[in-house]
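Beneath this line is the structure, given in structure tokens, with notes to follow.
The values are calculated or read from the model by the stated rules, or taken from the named source; none is laboratory data. Model, not experiment: these values are computed from the prediction. Note that each Cβ is placed from the backbone with ideal geometry, even for glycine, and that neighbours are counted across all protein chains shown.
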């Protein structure tokens, strides 16, 4: 994954990462760390003149890049350190992989897919983390997708591209040419048609149909899981829009049963729906069974736009798959599930 020359150089320049050091020295300061040749991963470097620093024998083959990403994936799952710190290291090394694909003109479709899925997964896990920079993660996903479009224009790739663009439409409130969201044959079936149907629902303002499509997609399909990770950040926006419309329609003082609100917002139960409405600024009845509508608009709480909904992504498997709500406990995800998802 990294030449010994580079590993030695980075040790001398105090650039050896915690994750690349031997078990005995990783907790020491950077001056005292020793590299583990089996853990060092090639780092993308740019010289002051704009060139890339090279080391003898450090050009990786397609198979080497696949092995590198598999190792980085295993870090995300098994490393006991804070997931945010692990992800920061992983994303930096994925950048080096992407750059090398371009430099060596390697048509690494599977490598790009793996890198993209890792970014999608880590972005979902870290939503709401105080140090998480969403813009960087979005750029990382965008780079992988753009490169993937150059080597593979299959339904899955076009659909991920379309979902990413559609997610931005939902966040910004923009409308656009639905058929322009994805490229290729718009009479196709399966994944491409699904994205077009979602786009049409959003453009028409049919938000319940929009939620119905993404919440009732086949959970046994790996592509569907990744689609849910991508679209999960849209749920807060769409549900908030539905809540605003309902609040205006029902009027002052009208009581809506929590279970009915859950059906309206496509949430798992009345308790969850009531909590959502309460956080949006609506009143709740004393018995906490009803949402009390009012004339005033609901709150514009930006935190609700990226609301985590683990039930939407994992469904009935949530308790089995998730080890806890704390983002640092992501390592407790069932390894076989994560491996399946990211591969």
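Tabulated data
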read-out: Set 325, 286, 320, 305: member being in a loop (DSSP other than H, G, I, E, B) and modelled with pLDDT under 65; value: 325
read-out: Of the criteria (1) under 29 Å from residue 155 (Cα atoms); (2) at pLDDT 85 or above, which one residue 22 fails; value: (1)
read-out: Selected residue (criterion: farthest from the chain's Cα centre (by Cα)) from residues of region 132-161 that are in contact (Cβ under 8 Å) with a residue 60 or more places away in the chain and within 12 Å of residue 116 (Cβ to Cβ); value: 156
read-out: Filter result (farther than 11 Å from residue 170 by Cβ and assigned to a helix (DSSP H, G or I)) within region 241-252; value: 242, 243, 244, 245, 246, 247, 248, 249, 250
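A quick yes/no check of all residues on (1) surrounded by 15 or more Cβ atoms within 10 Å (Cβ to Cβ); (2) touching a strand residue (DSSP E or B) at 6+ places or on another chain (Cβ under 9 Å); (3) free of Cβ contacts under 8 Å to residues at least 12 places away in the same chain; (4) farther than 16 Å from residue 235 by Cβ:
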{"site": "254", "(1), (2), (3), (4)": "no, yes, no, yes"}
{"site": "263", "(1), (2), (3), (4)": "no, no, yes, no"}
{"site": "273", "(1), (2), (3), (4)": "yes, yes, no, no"}
{"site": "285", "(1), (2), (3), (4)": "no, yes, no, yes"}
